[in-house]
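Visitor: Structure provided below as structure tokens; questions to follow.
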């Protein structure tokens, strides 16, 4: 993927919510980024060059207990554009944060 974003350091879930607009903008520019956020938010944030601190990762895992546990091959199979039963996801907010 050739998209490049400047690093965005996040030190808490609250900080992530305050950067809601920027993070959503980045996810929208990544192919299937919004759907990936629902499957594995930590991997989606990594692709969007959002760098959560340890505290932020712990807080994200409280909201998404399975975050970071889905094997990469499962995600890639789900995100394959050739796969039948494709769906589109459009997020309007992260974690119920402000738009």
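Visitor: Per-residue counts of other Cβ atoms within 10 Å, averaged by peptide: what ranking do you get for 13-25, 53-65, 30-42, highest first? If you can, show how the numbers build up before the last one.
Guide: Numbers: 13-25: 16.8, 53-65: 14.5, 30-42: 19.1.
Top to bottom by mean Cβ count within 10 Å: 30-42, 13-25, 53-65.
Visitor: If you don't mind, there's one more thing I want to ask. Please express the shape of the stretch 8-79 as an equivalent ellipsoid: the semi-axes are the square roots of 5 times the eigenvalues of the C-alpha gyration tensor, given largest first in whole angstrom.
Guide: Semi-axes, largest first: 19, 15, 9 Å.
Taken together, the values in this text are just the output of simple stated rules run on the coordinates, not laboratory data. Bear in mind the structure is a predicted one, so any value in this text is a computation, not a measurement. Backbone-built Cβ (ideal geometry, glycine too); neighbour counts: all protein chains shown.
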